[in-house]
Amino acid sequence: MTNDIVIDVRDYNLYYGDFHALLDVNLSIKKKSVTAIIGPSGCGKSTLLRGLNRMNDLIDQVRVTGEIFIEGKPIYAEKRDLVELRKKVGMVFQRPNPFPLSVYENVAFGLRLHSHLSKEEVAQKVEESLKAVALWKELKDKLKAPALRLSGEQQQRLCIARLAAMSADIFLMDEPCSALDPVATQHIEELIRVLKEDYTIVIVTHNMAQAARVSDETAYFYLGKLIEMGPTDQIFTRPARKETEDYITGRFG
Amino acid sequence: MESARKPWNRALEFLIERAIFFAGIISIFFVILIFVFLLKEGVSLLKTYPLKDFIFGQKWYPISEPPSFGVVPLLLGSLAVTMGAIVIAVPLGMGAAIYIAVVAPGWLKEILKATVEFLAAIPSIVLGFIGLVTLVPLVKQVFHLTTGLTAISGSIMLAFMAMPTIVSMMEDALTAVPRSYREGAIAMGATKWQMIWRVLLPAASSGMLAAIMLGIGRVIGETMAVLMITGNAARIPTSLFQPVRTMTATIAAEMGEAVQGSDHYFALFAIGIVLFIITFLINLAAGFFIGRAHHK
Ligand SMILES: Nc1ncnc2c1ncn2[C@@H]1O[C@H](COP(=O)(O)OP(=O)(O)OP(=O)(O)O)[C@@H](O)[C@H]1O
Ligand SMILES: [Mg+2]
């Protein structure tokens with residue numbers, strides 16, 4: 001195992017009560033890469049993603065076996081600091097969910113939680129982060145405006161900016177474009193390609209073309225099992241498994 | 001078959017529409033009627049008694065000769081008891097609402113909600129009675145007073161009465177905050193309390209203010225309990241540990257003995273107008289906050 005593996009999932013099983021949602025999942029994700037997770041509805045994509053920063057802990061009756069290593073450290077280990085984990089592993093949701101605060105306070109949110117920076121340092125971080133998601137030009141005069149007034153695309157960018165501001169370096173994105181129009185979707189995809197320079201991104205998508213366009217690696221899940229994972233061009237041109245091919249070419253079911 | 005029933009449906013719809021319209025008109029009509037009556041009777045006081053002396057008068061001596069009908073001590077009495085009640089009920093109610101809305105596990109949540117509703121179902125006279133025999137002696141003892149019939153006793157009692165309104169409305173406001181905000185904050189490493197403080201409360205603030213307003217409205221109009229336990233001394237209060245008399249208690253206590261058509265009788269209606277205006281403004285404020293909450 002080389003150093004550039006940042007996420008390493010080992011024999012991971014997750015149960016919602018009696019329901020076995022993820023079965024013996026093993027996969028590893030390289031640093032500064034984009035990994036697409038695809039598969040039919042209900043196959044466990046969101047469940048896996050939410051496992052990576054332990055958001056599933058919020059749901060009653062969730063049970064987990066196996067382990068996930070983030071930068072080599074086990075996240076299910078006893079005494080693991082969840083605050084530190086979630087600071088590092090940020091999440092972008094399907095519907096943009098900026099807080100009902102100003103643009104500025106949204107970006108500064110993580111800093112206010114986790115750091116004691118001076119006013120100037122916070123302002124500096126906010127600016128950097130908005131620049132990183134290409135929002136600074138549009139919004140630099142609207143920092144006090146309520147974030148909920150922004151367009152869907154701007155809101156989604158803002159949600160990424162607030163993760164960048166608290167120095168998260170892994171972004172989990174659960175269908176981040178499904179509430180956006182095609183143009184906005186294209187813009188977010190471009191942003192993902194830029195962010196890849198600095199961040200590790202795991203994206204769940206139902207859009208095969210999107211997976212093909214943005215990702216370096218693709219993982220195909222079916223009924224809670226990882227069927228196949230590999231370089232995206234390989235998965236899309238010559239998958240090793242027939243199920244994968246059927247799904248990708250739309251001959252599924 | 002379908003078409004044969006259509007005329008019937010239409011007639012029925014017409015009737016229902018009219019009935020609803022009529023019900024609406026009737027209720028508006030009665031409100032206006034009550035208001036006009038209140039105004040007419042109250043304003044009659046001014047024929048013999050100057051408005052200035054009513055509004056700024058510091059003495060309420062309705063049966064001395066000549067009588068004074070100064071509303072100030074009663075107004076301050078009401079304010080003292082109400083403010084006291086709110087100061088007690090808001091933090092408690094807020095704590096309870098937050099606990100029920102986001103902290104308590106499912107089963108406990110239902111029990112607590114039912115308990116709060118049960119509290120709302122206790123008639124105020126019963127609460128007043130219980131207060132009289134339990135709370136009043138306790139207040140006397142704890143604060144070393146000559147009597148426990150004080151503003152603070154009324155405040156504590158009324159805090160209990162305002163609690164159901166405050167808790168259930170605040171709980172609604174908190175529950176109405178989209179789950180995605182809460183998840184977003186937790187996913188960023190916020191602890192539960194940070195999430196509550198930085199996201200949930202700001203997001204629910206309008207609804208919570210409305211809850212406080214309606215709580216005040218509930219308290220300021222309350223009569224029987226305050227009549228029983230605040231001591232009924234129409235003096236300007238200087239602390240919460242004195243007997244006071246509220247506007248509502250004054251009307252309730254004196255309406256029976258005031259001769260119909262006398263100045264005293266009209267003065268009680270004038271108090272009614274003051275009370276009406278205050279409650280109206282409070283409801284207006286509550287409406288404003290509710291409107292803002294829905295707007296967000
Ligand atoms: N909170 C929960 N309690 C019980 N079962 C759940 C819960 N969340 C998800 N599941 C079940 O786990 C399975 C995987 O769900 P998950 O949301 O991960 O699927 P998904 O691949 O993200 O689907 P979609 O593409 O529709 O988003 C589904 O069968 C779902 O019904
Ligand atoms: Mg999903």
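Bear in mind that the values in this text are calculations on the coordinates, not laboratory data. A quick note: this is a predicted structure, and the numbers were derived from the prediction, not measured. Virtual Cβ from ideal backbone geometry, glycine too; neighbours counted across all protein chains shown.
Listing A:Glu128, A:Glu175, B:Glu13, A:Glu78 from fewest to most neighbouring C-beta atoms within 10 Å gives A:Glu78, B:Glu13, A:Glu128, A:Glu175. Lys and Arg at +1, Asp and Glu at -1: add these up for the other residues within a Cβ distance under 9 Å of B:Phe69 and post the number. Net local charge, B:Phe69 excluded: -1. Amide H contacts of A:Ile227 (H built 1.01 Å from N, in plane; Pro and chain starts excluded): A:Tyr220, A:Phe221, A:Tyr222 sit under 5 Å, all sequence-distant by 5 or more or on other chains.
Could you calculate the FRET efficiency of B:Arg235 with A:Leu148 from 1/(1 + (r/R0)^6), where r is the beta carbon distance between them and R0 is 51 Å, rounded to 0.05? That gives a FRET efficiency of 0.50.
For the range A:115-252, the alpha carbon positions stretch 56, 29, 23 Å along the principal axes, listed from largest to smallest. Among A:Tyr15, A:Tyr220, the order by Cβ neighbours within 10 angstrom, fewest to most, reads A:Tyr15, A:Tyr220.
The residues packed around A:Asn26, meaning those with a beta-carbon under 10 Å from its beta-carbon, carry a net charge of -2 if Lys and Arg are +1 and Asp and Glu are -1. Taken over the alpha carbons of the range B:2-47 as equal point scatterers, the Debye sum produces base-10 log I(q)/I(0) values at 0.21, 0.25, 0.30 Å⁻¹ of -0.74, -0.83, -0.94. The angle separating the long axis of helix A:119-132 from the principal Cα axis of greatest extent in chain A is about 50 degrees.
Altogether, the Stokes-Einstein calculation at 37 °C and 0.692 mPa s, with the Kirkwood radius of chain A over Cα pairs as Rh, returns a diffusion coefficient of 175 µm²/s. Between A:Tyr76 and B:Trp193, the FRET efficiency from the beta-carbon distance, with R0 = 25 Å, is close to 0.55. When the trypsin sites (Lys or Arg not before Pro) in the range A:19-102 are filtered for DSSP coil states and for at most 14 other beta-carbon atoms within 10 Å of their beta-carbon, the remaining sites are A:Lys79, A:Arg80. When only alpha carbons are used to place a centre, the range B:120-183 and the range A:193-233 end up 57 Å from one another.
Restricting the trypsin sites (Lys or Arg not before Pro) of the range A:161-253 to loop positions (DSSP other than H, G, I, E, B) with no more than 13 neighbouring Cβ atoms within 10 Å leaves A:Arg241, A:Arg251.
Summing +1 for each Lys or Arg and -1 for each Asp or Glu, what net charge is found among the other residues whose Cβ lies under 11 Å from the Cβ of A:Ser215? Residues near A:Ser215 contribute -1 overall. Neighbour counts of other Cβ atoms within 10 Å put B:Ile186, B:Ile216 in the fewest-to-most order B:Ile186, B:Ile216.
Using only the C-alpha atoms, the convex hull of the range B:53-295 corresponds to 141 Å³ per residue. The percentage of C-alpha pairs in the protein assembly as shown whose separation is greater than 34 Å is 57%.
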